[in-house]
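Throughout, read-outs are computed from the coordinates displayed, never taken from laboratory work. Keep in mind that what you see is a predicted model, and the values were worked out from it rather than measured. Don't worry about glycine lacking a Cβ; one is built from the backbone with ideal geometry, like all the others, and counts go over all protein chains shown.
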């Protein structure tokens with residue numbers, strides 16, 4: 001062999017553009033390899049929020065006038081929409097003493113559908129700093145999202161390596177609906193308390209988990225599925241008590257956590273009843289947006305019929321349950337551990353029972369964050385993991401442009417995020 005081919009072989013393999021870019025990236029990130037875990041998580045979360053900020057800002061630039069402001073609003077005005085407006089009402093004036101109703105007796109949408117802790121924290125921040133609602137609400141949400149990311153990493157480290165746990169956090173931070181973590185909604189705060197409660201449950205620190213459950217149930221309606229997870233956790237400990245001790249003090253503390261979780265699942269409902277004097281105040285308010293009374297599981301079958309007709313429509317929810325069961329039994333999901341896997345199952349069952357499926361369903365999937373770790377378990381391939389990351393960022397654009405740019409559909413309404 002002679003000529004150019006021989007000289008090329010003597011110089012070694014040819015480096016592609018991708019090889020060069022990857023080498024540059026590794027060199028740039030080399031100082032971070034020895035950084036503490038909390039700094040790595042913070043940088044991942046900060047980068048994800050910057051991407052979401054750019055997407056939201058771009059959508060705002062193209063936004064037309066809406067009920068919340070004129071065309072091309074600034075960033076804070078743009079994200080102060082939909083449910084953020086209801087939290088702002090609570091921030092400014094609290095909750096009504098009676099349920100506003102239509103002439104036929106049905107409830108009108110009102111503040112009782114929204115839990116109090118998030119606007120209370122924003123109000124406290126405003127009292128200290130003098131900031132308005134938009135700034136205070138966005139700050140509380142964004143900081144709570146960082147706290148959630150840090151807690152989620154600690155949770156993932158129980159069953160994964162540091163690198164895989166970081167990838168799981170990254171998938172959570174760039175999930176298509178993750179921009180909600182920096183807007184004045186309660187999702188980020190609720191996920192922080194949920195991750196903290198699950199973390200303490202897995203550590204079997206039941207007493208410390210109790211205040212987290214109380215705060216969780218004053219932020220988002222998650223008490224029912226969490227109580228179910230506690231119940232299964234205790235039953236599993238009892239079943240394996242011969243192989244692993246289940247001391248009486250743990251039984252007592254675990255039972256206390258179970259009872260507290262069950263009580264807190266209905267605490268906000270009872271609070272609405274106490275203040276308004278109407279026993280169905282909360283459920284009437286929650287169903288005000290759907291225009292029908294609460295019938296468990298029925299809305300999913302109705303949605304199926306509206307999508308594909310009366311013959312195949314009732315099959316869709318059953319197919320959804322079957323696919324969810326198969327995925328939750330997959331190797332990747334089994335790897336996240338029994339408590340996190342059980343949480344995903346119970347939360348999906350809860351959504352199937354009470355949720356009216358619509359565009360807000362996408363952000364309500366964020367509490368399924370343990371599945372982000374399962375996604376990282378699917379493959380250790382850099383190509384796979386970076387592809388998921390890029391795909392999620394692209395889907396953020398779709399989610400934001402579709403739902404945050406107010407545009408009325410044929411019924412005169414618009415899809416809420």
Highest-fluctuation residue, 322, 228, 253 considered, GNM on the chain with Cα pairs under 10 Å:
322
What angle, in degrees between 0 and 90 and rounded to the nearest 10, separates the Cα long axis of helix 298-308 from the longest principal axis of the Cα atoms of the chain?
60 degrees
Label the stretch 332-417 by shape, choosing from rounded, prolate and oblate, from the square roots a ≥ b ≥ c of the eigenvalues of the Cα gyration tensor; if a/c is under 1.5 it is rounded, and otherwise prolate applies when a/b is larger than b/c, oblate when it is not.
oblate
Helix 187-202: angle to the longest alpha-carbon principal axis of the chain, degrees 0 to 90, nearest 10?
80 degrees
Can you bin the stretch 97-194 into rounded, prolate or oblate? Criterion: square roots of the alpha carbon gyration tensor eigenvalues sorted a ≥ b ≥ c, rounded for a/c under 1.5, prolate for a/b above b/c, oblate for the rest.
prolate
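In what order do 369, 171 fall by count of nearby beta-carbon atoms within 10 Å, going from fewest to most? Don't skip to the answer; put the middle values down first.
Details: 369 27, 171 22.
The most exposed by this proxy come first: 171, 369.
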What's the exposure ranking of 394, 174, going from fewest to most Cβ atoms within 10 Å?
394, 174
The stretch 133-190 to the stretch 198-232: how many Å between their Cα centroids?
18 Å
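Using a 10 Å cut-off on Cβ atoms, rank the peptides 279-285, 62-68 from the highest mean neighbour count down.
Working: 279-285: 19.9, 62-68: 14.1.
For the peptides 279-285, 62-68, the packing ranking is 279-285, 62-68.
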Nearest 10, in degrees from 0 to 90: the angle of helix 162-173 to the longest Cα principal axis of the chain is 50 degrees
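To the nearest 500 deg cm²/dmol, what mean residue ellipticity at 222 nm is calculated for the chain from DSSP H runs of n ≥ 4 alone, each contributing -39,500 (n - 2.57), summed and divided by the residues? Each step should come with its number before you reach the end.
Numbers: 20 runs with 266 residues, N = 417.
Result for the chain, helices only: -20500 deg cm²/dmol.
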Likely footprinting exposure, 80, 302, 132, fewest C-beta neighbours within 10 Å first
132, 302, 80
Going by a ≥ b ≥ c, the root eigenvalues of the Cα gyration tensor, does the stretch 202-353 fall in the rounded group (a/c under 1.5), the prolate group (a/b larger than b/c) or the oblate group?
oblate
